[in-house]
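The values are calculated or read from the model by the stated rules, or taken from the named source; none is laboratory data. Keep in mind it's a predicted model, so treat the numbers as computed, not measured. Counting neighbours? That spans all protein chains shown, and the Cβs are built from the backbone with ideal geometry, glycine included.
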């Protein structure tokens, strides 16, 4: 039986992209294929600007779950920890890189529990069938295998030629977002991303609104 390793799971509002403002369970799987999560190895990784702790299973509602049904039951418990009514429950599978673990069985179990299922992925692994929402966020020189979906959300700016906005405009996504890189130059990054979107209106600006209002 497959065991799923989850760093954390909690209810918040989606803060980025086309689903901004929607309540969801954020299901953060452990592990990533572009960085091992150790700070001493960041400079050698493909993705050097990650701001997420995805190591282990010691976060809020984290743990190891034996089988897809146990994972889905856990997500359902997290959703119902407080009273919620109206609208379809939504779970966002994220990481790290969630597609290292998220498979058809887990998607089916989550949907059987009543959830709409979304994923936020770096796009280096082809997404399994059955997902309701696919968000791809390309990183540096990492080659994309997921070339279609609902939204492409590009952290901006990135130095690599392979990660420039023009490289992705022919892909099959409904929405194209630039998200300013959150680092010591955040204000400059926001200005640069906004200016790019005004010149190239295929792209829209995505801000991390959860950070602006103090949500996890």
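For the condition under 28 Å from residue 132 (Cα atoms), under 21 Å from the mean Cα position of the chain (by Cα) and modelled with pLDDT of 95 or more, what is the one hit in 180, 201, 157?
Just one listed residue meets the conditions, 180.
Could you count how many residues in segment 50-69 are at pLDDT below 95 and either in contact with a helix residue (DSSP H, G or I) (Cβ under 9 Å, 6 or more places away or on another chain) or surrounded by 15 or more Cβ atoms within 10 Å (Cβ to Cβ) (or both)?
Summing the residues that are at pLDDT below 95 and either in contact with a helix residue (DSSP H, G or I) (Cβ under 9 Å, 6 or more places away or on another chain) or surrounded by 15 or more Cβ atoms within 10 Å (Cβ to Cβ) (or both) in segment 50-69 gives 1.
With respect to residue 165, is the statement that it is closer than 15 Å to residue 16 by Cα, crowded, with 16+ Cβ neighbours inside 10 Å and touching a helix residue (DSSP H, G or I) at 6+ places or on another chain (Cβ under 8 Å) true?
For residue 165, the condition - closer than 15 Å to residue 16 by Cα, crowded, with 16+ Cβ neighbours inside 10 Å and touching a helix residue (DSSP H, G or I) at 6+ places or on another chain (Cβ under 8 Å) - is not met.
Is it fair to say residue 192 is surrounded by 15 or more Cβ atoms within 10 Å (Cβ to Cβ) and closer than 30 Å to residue 110 by Cβ?
So residue 192 does not fit the description; no.
For residue 210, all conditions in the list (1) in a loop (DSSP other than H, G, I, E, B); (2) at pLDDT below 95; (3) surrounded by 17 or more Cβ atoms within 10 Å (Cβ to Cβ) hold save one; what is the number of the exception?
That leaves (1) as the condition not met.
Right, residue 21: under 19 Å from the mean Cα position of the chain (by Cα), surrounded by fewer than 14 Cβ atoms within 10 Å (Cβ to Cβ) and under 28 Å from residue 152 (Cβ atoms) or not? Reasoning before the result, please.
Values: under 19 Å from the mean Cα position of the chain (by Cα): yes; surrounded by fewer than 14 Cβ atoms within 10 Å (Cβ to Cβ): yes; under 28 Å from residue 152 (Cβ atoms): yes.
Criteria met by residue 21.
Against the definition (surrounded by 20 or more Cβ atoms within 10 Å (Cβ to Cβ) and more than 13 Å from the chain's Cα centre (by Cα)), how does residue 44 come out, yes or no?
Judged against the criteria, residue 44 is not a match.
Going through 96, 130 one at a time, which residue ends up being modelled with pLDDT of 95 or more, touching a strand residue (DSSP E or B) at 6+ places or on another chain (Cβ under 8 Å), surrounded by fewer than 16 Cβ atoms within 10 Å (Cβ to Cβ) and on the phi > 0 side of the Ramachandran plot?
One residue alone meets the criteria, 130.
How many of the residues making up segment 111-144 are under 16 Å from the mean Cα position of the chain (by Cα) and either within 28 Å of residue 87 (Cβ to Cβ) or without any contact (Cβ under 8 Å) to a residue 60 or more places away in the chain (or both)?
The total comes to 19.
Could you give me the residue pairs with C-beta distances under 9 Å whose first residue belongs to segment 70-83 and is surrounded by fewer than 20 Cβ atoms within 10 Å (Cβ to Cβ), whose second residue is modelled with pLDDT of 95 or more and part of a helix (DSSP H, G or I) wherever it lies, and which are 6+ apart or on separate chains?
70/109; 73/109; 76/110
Which of the residues that make up segment 14-39 are closer than 14 Å to residue 55 by Cα and not in a strand (DSSP E or B)?
30, 31, 32, 33, 34, 35, 36, 37, 38, 39
Can you list the strands (runs of 3 or more DSSP E) found entirely within segment 51-170 that contain at least 2 residues being over 30 Å from residue 203 (Cα atoms)?
63-66
Of everything in segment 84-100, what is over 12 Å from residue 27 (Cα atoms) and either free of Cβ contacts under 8 Å to residues at least 12 places away in the same chain or in contact with a helix residue (DSSP H, G or I) (Cβ under 9 Å, 6 or more places away or on another chain) (or both)? Give them in sequence order.
Once the filter is applied, which keeps residues that are over 12 Å from residue 27 (Cα atoms) and either free of Cβ contacts under 8 Å to residues at least 12 places away in the same chain or in contact with a helix residue (DSSP H, G or I) (Cβ under 9 Å, 6 or more places away or on another chain) (or both), segment 84-100 yields 85, 86, 89.
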